[in-house]
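The values are calculated or read from the model by the stated rules, or taken from the named source; none is laboratory data. A quick note: this is a predicted structure, and the numbers were derived from the prediction, not measured. A quick note on method: Cβ atoms are made from the backbone with ideal geometry, for glycine too, and the neighbour counts reach across all protein chains shown.
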Amino acid sequence: MRPDETLVQVTKNAPWLPAGGRAEAFRGGIPPHPMSMVRLLLVRGDEAFCVPRPESGRLDLPTRITGEDDPTGLQTVATLAHDVIGALCDLTFVGAVRNVVATGTADYAWPTPEAHFGLWTTAADPAIEGEWLTIAGEASSLREKHWYPIVAGVGAG
């Protein structure tokens with residue numbers, strides 16, 4: 001945890017990580033590295049813009065994996081935002097999920113001991129097809145996402 005980050009949830013022995021791994025969801029700070037994946041959070045009231053994931057078809061925030069040449073994800077998220085919005089736009093880093101894994105395994109594709117999965121937002125509207133899903137409430141289908149604790153309550157009220 002860095003001083004400019006606000007920790008919102010820690011999942012010890014996270015079932016999606018190798019044994020003993022934990023996931024730390026935090027808001028704020030600056031984009032940490034290595035950034036393994038970036039997501040674009042577009043909010044309209046209590047809803048977030050989602051698109052089907054290529055590998056599963058399940059709805060999620062627009063997402064892109066970063067390359068080794070983009071350790072903070074800034075280039076990757078700018079390209080993702082341009083692809084989704086259709087124009088250049090100002091982006092604000094919201095927070096990230098930090099996977100903390102002492103030793104990787106054959107089926108764990110991310111860097112160790114830390115890998116980051118960041119969220120950025122902008123006020124722009126999407127120019128591609130997608131669906132607006134509710135963020136707020138117990139019924140939100142987005143509650144299962146690892147990034148959900150970072151955005152819970154965004155746009156609510």
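Would the stretch 89-110 turn up any residue that is surrounded by 13 or more Cβ atoms within 10 Å (Cβ to Cβ) and closer than 17 Å to residue 51 by Cα?
Taking the stretch 89-110 and keeping what is surrounded by 13 or more Cβ atoms within 10 Å (Cβ to Cβ), we get 89, 91, 93-101, 104, 108, 110.
This time we only want the ones that are closer than 17 Å to residue 51 by Cα, so: none.
Within the stretch 89-110, none of the residues are surrounded by 13 or more Cβ atoms within 10 Å (Cβ to Cβ) and closer than 17 Å to residue 51 by Cα.
Please work out which one of (1) among the β-branched types (Val, Ile, Thr); (2) surrounded by fewer than 17 Cβ atoms within 10 Å (Cβ to Cβ); (3) in a loop (DSSP other than H, G, I, E, B) is the condition residue 10 fails and give its number.
The single condition residue 10 does not satisfy is (3).
Check 100, 84, 51 and return the single one that is within 15 Å of residue 147 (Cβ to Cβ) and of a type in the set (Val, Ile, Thr). I'd like the intermediate steps shown before the answer.
Values: 100 fails: within 15 Å of residue 147 (Cβ to Cβ); 84 fails: within 15 Å of residue 147 (Cβ to Cβ).
The match here is 51.
Consider the stretch 137-157. How many of its residues are hydrophobic (A, V, I, L, M, F, W, C) and modelled with pLDDT of 85 or more?
Within the stretch 137-157, the first condition is being hydrophobic (A, V, I, L, M, F, W, C), and the residues that meet it are 139, 142, 147, 150-152, 154, 156.
Applying the additional criterion that residues be modelled with pLDDT of 85 or more yields 142, 147, 150-151.
The number of residues fulfilling the criteria is 4.
Restricting the search to the stretch 55-73, which residues are among the hydrophobic types (A, V, I, L, M, F, W, C) and either touching a residue at least 60 places away in the same chain (Cβ under 8 Å) or assigned to a loop (DSSP other than H, G, I, E, B) (or both)? Walk me through how you get there before you give the answer.
Our first condition is that a residue be among the hydrophobic types (A, V, I, L, M, F, W, C); within the stretch 55-73, this holds for 59, 61, 65.
Within the stretch 55-73, 59, 61 qualify.
In the stretch 74-110, how many are part of a loop (DSSP other than H, G, I, E, B), among the aliphatic types (A, V, I, L, M) and under 17 Å from residue 20 (Cα atoms)? Write out each step before concluding.
Here is the first cut: in the stretch 74-110, the ones part of a loop (DSSP other than H, G, I, E, B) are 86-91, 101-110.
Keeping just the survivors that are among the aliphatic types (A, V, I, L, M) gives 87-88, 91, 101-102, 106, 109.
Those left that are additionally under 17 Å from residue 20 (Cα atoms): 101-102, 106, 109.
Going through the stretch 74-110 one residue at a time, the tally reaches 4.
Does residue 40 meet the test of being in contact with a Lys or Arg (Cβ under 8 Å, 6 or more places away or on another chain), over 18 Å from residue 100 (Cα atoms) and touching a residue at least 60 places away in the same chain (Cβ under 8 Å)? Even if it seems obvious, please write down each step before you answer.
Details: in contact with a Lys or Arg (Cβ under 8 Å, 6 or more places away or on another chain): no; over 18 Å from residue 100 (Cα atoms): yes; touching a residue at least 60 places away in the same chain (Cβ under 8 Å): yes.
Criteria not met by residue 40.
Could you list, in sequence order, the residues of the stretch 111-139 that are part of a loop (DSSP other than H, G, I, E, B), closer than 21 Å to residue 53 by Cα and polar (S, T, N, Q)?
122
Answer with yes or no whether residue 85 is loosely packed, with under 15 Cβ neighbours inside 10 Å, at pLDDT 95 or above and of a type outside the set (Ser, Thr, Tyr).
Working: loosely packed, with under 15 Cβ neighbours inside 10 Å: no; at pLDDT 95 or above: yes; of a type outside the set (Ser, Thr, Tyr): yes.
The answer is no for residue 85.
Filter the stretch 25-36 for residues that are surrounded by fewer than 20 Cβ atoms within 10 Å (Cβ to Cβ) and assigned to a strand (DSSP E or B); which is nearest to the chain's Cα centre (by Cα)?
Ranking the candidates gives 27 first.
Please count how many residues of the stretch 111-122 are touching a residue at least 24 places away in the same chain (Cβ under 8 Å) and surrounded by fewer than 17 Cβ atoms within 10 Å (Cβ to Cβ).
Here is the first cut: in the stretch 111-122, the ones touching a residue at least 24 places away in the same chain (Cβ under 8 Å) are 111, 114-122.
Adding the requirement that they be surrounded by fewer than 17 Cβ atoms within 10 Å (Cβ to Cβ) leaves 114.
Looking only at that region, the number is 1.
Among the residues of the stretch 96-109, write down those that are under 15 Å from residue 38 (Cα atoms) and either polar (S, T, N, Q) or touching a Ser or Thr at 6+ places or on another chain (Cβ under 8 Å) (or both).
Listed by number, the list holds a single entry, 99.
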